[in-house]
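Peer 1: Shown below is the structure under consideration.
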Amino acid sequence: MTELEFKALQNDSIRIDKFLSLKLEDKTRSFIQKLIEEENVFVFDKPVSKNYKLKCGDKVRVQIPDPVELDIRPENIPVDIVYQDSDLLVVDKPKGMVVHPAPGNYTGTLVNALMYHCGENLSSINGVIRPGIVHRIDKNTSGLLMVAKNDRAHNFLAEQIKNHTFKREYCAVCLGHFKEQAGTINAPIGRSKNDRKKMCVTNENSKEAITHYEVLEEFDGYSLVKFVLETGRTHQIRVHSKYIGHPVLGDDVYSKPFKGLEGQCLHAQTLGFVHPNGEYMEFSSPLPEYFTNILKRIK
């Protein structure tokens, strides 16, 4: 691990992420923000958030972990490619598949499969771990996912996500009956202080999170719900549905397991975006078998 120290001067009263981007010229702003989020940046030996504003005399200590050399290999894993051209592809990810390699999951991921099917034709913006990945869905969430084949397309698509013009609709089975048949959940999401693997609604070190919902059908103790993401935070639908008292069925992180179901009953059903060529495109995925089987059971 590399450790660096800096002292803020009179003219350094700026956000700490901006300050460090000036000091660490070989590092990207996102890399620096990740260091801060993972509590590798300290002021007077206390971890700070990325929007901390420096004061004259502040002593800043930065820990930069040693790079991990990973050998991510292509694997001949079947992939349901819904659409493909020279700029991008849309895949229908099965439930249980991890999107990209991470500790404990370096093989069998969607990225391993994409490397086999696309070769070197994947964008490099997110590095060797996440080539081509513009946005993610959780391991036990099924459905549509966008993949970029080059950096130009990646930037074009990522800008739409940033500007909230990227259409993402999900279908879920939730516990209980909603008081309102449609509505909007506007509650910031950040990492839980008690469990760093969990997200939660909080005003501390959080980001804006907005989810729209519509109840499609009600059963005895359950609701079939359409969720539309305006923002795209980690576990957003799962956290927001839990927050309003209607967690996603089977969510073993934010609720409780459901017999015969591995993880949450959540499907990324519709994806809409403007292609780099200027054309609007929209794709839909039918509810998979595990989802329809759950509907039959609760009916």
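Peer 1: Only Lys, Arg, Asp and Glu count, each charged at its Cβ (+1, +1, -1, -1), so figure out the dipole size of the range 1-139 about its Cα centre, rounded to 20 debye.
Peer 2: Around 680 debye, computed over the range 1-139.
Peer 1: Mind grabbing the accessible area of H164 for me, 1.4 Å probe, Å², rounded to tens?
Peer 2: 80 Å²
Peer 1: What does the convex hull of the Cα atoms of the range 1-119 come to per residue, in Å³, rounded to a whole number?
Peer 2: Spelled out: Cα convex hull of the range 1-119, divided by residues, is 155 Å³.
Peer 1: Over the chain, what is the percentage of antiparallel beta bridges among all DSSP beta bridges, to the nearest 5? Don't jump to the answer; show the numbers that get you there.
Peer 2: Numbers: 60 of 62 bridges.
Rounded to the nearest five, the antiparallel share is 95 percent.
Peer 1: Ignoring ligands, DNA and RNA, what percent of the 1.4 Å accessible area of the chain is carbon and sulfur?
Peer 2: The nonpolar share, carbon plus sulfur, comes to 48 percent.
Peer 1: Sticking with this one: Which residue, chosen from G176, T231, Q264, occupies the Cα position most advanced towards the positive end of the dipole of the chain, where the dipole is computed from +1 (Lys, Arg) and -1 (Asp, Glu) charges on Cβ about the Cα centre?
Peer 2: Towards the positive end, the residue furthest out is G176.
Peer 1: For the range 1-64 and the range 155-183, what is the centre-to-centre distance using only Cα atoms, to the nearest Å?
Peer 2: 34 Å
Peer 1: Also, I was wondering about something else. Run the dipole for the chain about the Cα centre, Lys and Arg Cβ at +1, Asp and Glu Cβ at -1, nothing else charged, and hand back the magnitude in debye, nearest 20. Write down the numbers at each step before the final one.
Peer 2: Values: 40 positive and 39 negative charges, 183 e Å.
For the chain, the charge dipole is close to 880 debye.
Peer 1: Output the Cα-based Rg and Dmax of the range 79-121 in Å, rounding Rg to one decimal and Dmax to a whole number.
Peer 2: 10.8, 32
Peer 1: Taking a probe of 1.4 Å, how large is the accessible area per residue of the range 57-169, in Å²? Working shown, then result.
Peer 2: Values: 5360 Å² over 113 residues.
Spelled out: the 1.4 Å probe surface of the range 57-169, per residue, equals 47 Å².
Peer 1: At 1.4 Å probe size, with no ligands or nucleic acids counted, give the accessible surface of T165 in Å², nearest ten.
Peer 2: 90 Å²
Peer 1: Tell me the Rg and the Dmax, in Å, that the Cα atoms of the range 206-299 produce.
Peer 2: My reading of the Cα-based Rg and Dmax gives 14.9, 47 Å.
Peer 1: Hey, another quick one. If we restrict to alpha carbons, what Rg and Dmax does the range 83-205 come to, in Å?
Peer 2: Just the Cα atoms of the range 83-205 yield Rg and Dmax of 16.6, 50 Å.
Peer 1: Further question on the same structure: Can you list the chymotrypsin sites (Phe, Trp or Tyr not before Pro) in the range 1-96 that are in a DSSP coil and have 11 or fewer other beta carbons within 10 angstrom?
Peer 2: Those that pass, being in a loop and sparsely packed, are F44.
Peer 1: While we're on this one: Restricting to DSSP loop positions (anything but H, G, I, E, B) with no more than 12 other Cβ atoms inside 10 Å of their own Cβ, which GluC sites (Glu not before Pro) remain in the range 174-235?
Peer 2: In loop regions of the range 174-235 (DSSP not H, G, I, E or B), the sparsely surrounded GluC sites (Glu not before Pro) are E180, E204, E208.
Peer 1: Take the Cα gyration tensor of the range 117-165, multiply each eigenvalue by 5, square-root it, and list the three semi-axes largest first, rounded to whole angstrom.
Peer 2: 17, 16, 9
Peer 1: Now for a separate question. Are there GluC sites (Glu not before Pro) in the range 1-94 that DSSP marks as loop and that have at most 12 other Cβ atoms within 10 Å, and which are they?
Peer 2: Loop-located and lightly packed - E25, E69.
Peer 1: Using a 1.4 Å probe, how large is the accessible area of K53, given in Å² and rounded to the nearest 10?
Peer 2: Number for this one is 130 Å².
Peer 1: Starting from the Cα gyration tensor of the range 10-52, take the square roots of the eigenvalues, sort them a ≥ b ≥ c, and report rounded, prolate or oblate (rounded when a/c is under 1.5, otherwise prolate if a/b is larger than b/c, else oblate). Intermediate values should be presented prior to the final figure.
Peer 2: Values: a/c = 1.79, a/b = 1.02, b/c = 1.76.
Oblate, since a/c reaches 1.5 and b/c is not below a/b.
Peer 1: Still on this structure, I have one more. Give, as a single signed number, the net charge of other residues whose beta carbon lies under 15 Å from the beta carbon of V79, with Lys and Arg counted +1 and Asp and Glu -1.
Peer 2: 0
Peer 1: Something else about it: With N denoting the number of residues in the range 155-202, provide Rg(C-alpha) divided by 2.2 N^0.38 Å, to two decimal places.
Peer 2: On the way: Rg = 15.0 Å, N = 48, 2.2 N^0.38 = 9.6 Å.
Against the empirical 2.2 N^0.38 Å value, I get 1.57 for the range 155-202.
Peer 1: Mind checking which lysines have their C-alpha under 25 Å from K50, skipping anything on the same chain fewer than 8 residues away?
Peer 2: Within the straight-line limit of under 25 Å, K50 reaches these lysines: K7, K18, K23, K27, K34, K59, K162, K193, K197, K198, K207.
Peer 1: I've got another one for you. If you line up the long axis of helix 289-298 against the longest principal axis of the chain, both from Cα atoms, how many degrees apart are they, to the nearest 10?
Peer 2: Tilt relative to the chain: about 60 degrees.
Peer 1: Still on this structure, I have one more. Taking the Cα centre of the range 1-73 as origin, work out the dipole magnitude from +1 charges on Lys and Arg Cβ and -1 charges on Asp and Glu Cβ, in debye rounded to 20.
Peer 2: Once rounded to the nearest 20, the dipole reads 460 debye.
Peer 1: Compare D58, D220 by solvent-accessible area with a 1.4 Å probe and give them largest first, with all protein chains kept in place. Display every interim value, and only then the final one.
Peer 2: Working: D58 10, D220 135 Å².
Ranking D58, D220 by accessible area, largest first, yields D220, D58.
Peer 1: For the range 134-240, what is the Kirkwood hydrodynamic radius in Å, using each pair of distinct C-alpha atoms?
Peer 2: Every distinct Cα pair counted, the radius reaches 15.2 Å.
The values are calculated or read from the model by the stated rules, or taken from the named source; none is laboratory data. None of these values were measured; they are calculated from a predicted model. A quick note on method: Cβ atoms are made from the backbone with ideal geometry, for glycine too, and the neighbour counts reach across all protein chains shown. For accessibility, only protein heavy atoms count, side chains too; no ligands or nucleic acids. Shrake-Rupley method; radii C 1.70, N 1.55, O 1.52, S 1.80 Å.
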